[in-house]
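**Q** I have a structure here, written as structure tokens, and I will follow up with some questions on it.
The values are calculated or read from the model by the stated rules, or taken from the named source; none is laboratory data. Quick caveat: nothing in here was measured; it's all calculated off a predicted structure. Methodologically, a virtual Cβ is constructed for each residue, glycine included, from the backbone with ideal geometry; neighbour enumeration extends over all protein chains shown. Ligands, DNA and RNA are excluded from the accessible area calculation, which covers all protein heavy atoms including side chains. Shrake-Rupley method; radii C 1.70, N 1.55, O 1.52, S 1.80 Å.
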Amino acid sequence: MNKQVSILTAIAILAVGLGVWLIQAPTKDTFEAGFLFEDLQKFANQLDNVEIKNAQGVLFSAQKLGDSWLATFDPGQHVYPISQDKLADFVETMMRAKLVEAKTSKPKNYIRLGLQSIDTDDSMATLVTFKADDHLWQVLVGNKVTVGEGHYILKPENPQSWRIDKTVNLPIDKFSWLKQPILPFQTQDISSVSRVDNLDWQITKSASGDFQLINMPKDRELQYDSILNAVVSNLIDLNFEQLLTADDDFTQSLKILTQLEVSTSDEKIFQVIVSELDDKHYVNFSSNDQPEYWQKWYYQVSNFSAQQLIKTLDDFLAEQNATTNNSDPSPETVDEGDSPF
């Protein structure tokens with residue numbers, strides 16, 4: 001009996017050892033993660049076109065012109081600078097992404113991974129295209145994996161879908177990867193800002209670098225010391241929500257709320273016009289100098305941003321102390337007991 005137990009024990013130990021060896025031993029069938037695009041890194045510096053589109057249309061299209069990447073829109077429209085950082089991060093992600101798990105190769109199951117063709121109206125997928133001279137790379141990006149990092153992808157002309165090890169950050173709309181803020185200036189580049197409508201005021205940079213109010217009313221003080229600097233900061237840091245090319249009907253429908261004139265340290269002058277239409281706010285810029293890219297568009301901005309640009313003189317100043325005349329009290333100071341009512 002003991003002999004039989006010993007034999008069974010030995011067999012069990014051998015079986016466990018064999019199992020461990022089989023798990024650890026390399027096999028020819030072991031899957032090794034490969035890059036999503038094996039040669040994209042080789043041509044990364046030669047990329048000259050990136051397009052991202054979904055079932056609703058093109059989300060992002062950019063071309064490299066010289067040393068700059070510019071977003072392209074409909075034919076005949078001006079190009080616009082993009083966020084270099086967002087594009088660089090995106091290319092880096094796609095270049096480093098690896099195929100880590102094979103998924104379905106049956107087209108009827110693509111919907112579960114968000115990998116339906118973008119030609120399908122309700123497709124949740126996004127088609128990414130990179131171009132470099134005569135080279136082309138394309139991939140359909142589907143749903144984000146539910147646990148951890150990664151997305152599901154499908155290459156055109158290949159029915160095998162995959163999970164990649166990187167989470168792909170895609171633009172929300174066609175404006176989200178454009179250059180922000182609007183103006184290419186820093187606060188130190190601005191020497192003065194003036195409101196030039198019927199509620200005019202002017203602030204200029206002092207020798208200390210802070211801004212001061214010209215013709216400060218007597219016996220009045222600013223609400224707080226940095227309120228004038230904040231005016232310039234709000235202008236320089238102005239972001240937009242949408243970008244529009246305006247026709248005559250649009251521009252004539254706008255209600256102008258204010259106009260500002262801005263002088264820069266290199267003696268350039270440009271105008272800022274804040275307008276309103278259907279409870280939406282718009283900003284556009286003009287100058288007598290050679291038009292820059294930011295002077296060729298109307299920008300839809302948030303209501304909060306618009307309010308920061310339409311300040312009146314009183315908005316800068318602290319409230320005056322109320323003076324009380326005991327012999328002639330105002331109606332607001334009459335005691336309730338003296339009221340005939």
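**Q** How much area per residue is accessible in region 40-164 when the probe is 1.4 Å and only protein heavy atoms are counted (Å²)? Don't skip to the answer; put the middle values down first.
**A** Numbers: 6860 Å² over 125 residues.
It amounts to 55 Å² per residue over region 40-164.
**Q** Another question about this same structure. Per residue of region 134-141, what does 6.51 cos²θ - 1.76 cosθ + 1.60 with θ = phi - 60° give for ³J(HN,Hα)? Whole Hz please, x for Gly and Pro, Karplus curve as stated.
**A** 8, 9, 9, 10, 9, 7, 9, 9
**Q** Once Rh is set to the Kirkwood radius over Cα pairs, what Stokes-Einstein translational diffusion coefficient, in µm²/s, holds for region 187-316 at a temperature of 10 °C and a viscosity of 1.306 mPa s?
**A** Numbers: Rh = 15.5 Å.
Diffusion coefficient, whole number: 102 µm²/s.
**Q** Would you list, by chain and number, the lysines whose Cα falls below 24 Å from the Cα of residue 255, excluding same-chain residues fewer than 8 positions away?
**A** Of all the lysines, those that pass the test against residue 255 - Cα under 24 Å, at least 8 places apart if same chain - are 280, 296, 311.
**Q** If you take the Cα atoms of region 40-164, find Rg, then find the Kirkwood Rh from the mean of 1/r over all pairs, what is Rg/Rh?
**A** On the way: Rg = 15.3 Å, Rh = 15.5 Å.
We get a ratio of 0.98 for region 40-164.
**Q** Residues with beta-carbon under 15 Å from that of residue 258, excluding residue 258: net charge, scoring Lys, Arg +1 and Asp, Glu -1? List each step's numbers first, then the result.
**A** Details: positive: 195, 255, 311; negative: 197, 200, 261, 276, 314, 315.
Neighbour charge sum, excluding residue 258 itself: -3.
**Q** Taking all protein chains in place and a 1.4 Å probe, what share, in percent, of the accessible surface of region 218-288 do carbon and sulfur account for?
**A** 37
**Q** Provide the per-residue ³J(HN,Hα) series for region 90-95, in order, calculated from phi with Karplus coefficients 6.51, -1.76, 1.60 and θ = phi - 60°, each as a whole number of Hz, with x at glycine and proline positions.
**A** The phi angles translate into 5, 4, 4, 4, 5, 6 Hz.
**Q** Can you tally the net charge around residue 109? Count Lys and Arg as +1, Asp and Glu as -1, for every other residue whose Cβ sits under 15 Å from the Cβ of residue 109.
**A** Working: positive: 103, 106, 108, 112, 163; negative: 101.
Result for the local shell: +4.
**Q** Got a sec to turn the phi values of region 157-167 into Karplus ³J(HN,Hα) couplings, 6.51 cos²θ - 1.76 cosθ + 1.60 with θ = phi - 60°, whole Hz, x for Gly and Pro?
**A** Once rounded to whole Hz, the list reads 6, 9, x, 7, 8, 9, 9, 9, 8, 10, 8.
**Q** In whole angstrom, how far apart do the alpha carbon centroids of region 229-251 and region 90-104 sit?
**A** Using only Cα atoms, the two centres lie 38 Å from each other.
**Q** Could you put 110, 293 in order of accessible surface area, largest first, with the 1.4 Å probe and the full protein assembly present?
**A** Numbers: 110 25, 293 50 Å².
I get 293, 110, largest accessible area first.
**Q** Going down the list 64/155; 42/98; 103/174; 98/131, which pairs span over 27 Å between their C-alpha atoms?
**A** 103/174
**Q** Using a probe of 1.4 angstrom, how much of the accessible area of region 40-164 is carbon and sulfur, in percent? Each step should come with its number before you reach the end.
**A** Working: 3110 of 6860 Å².
Accessible surface attributable to carbon and sulfur in region 40-164 totals 45 percent.
**Q** Please sort by residue number the trypsin sites (Lys or Arg not before Pro) in region 146-224 whose DSSP state is loop and whose Cβ has at most 12 other Cβ atoms within 10 Å.
**A** On the way: sites: 163, 166, 174, 179, 195, 205, 218, 220; in loops: 166, 174, 179, 218, 220.
Passing both the DSSP loop test and the Cβ count: 218.
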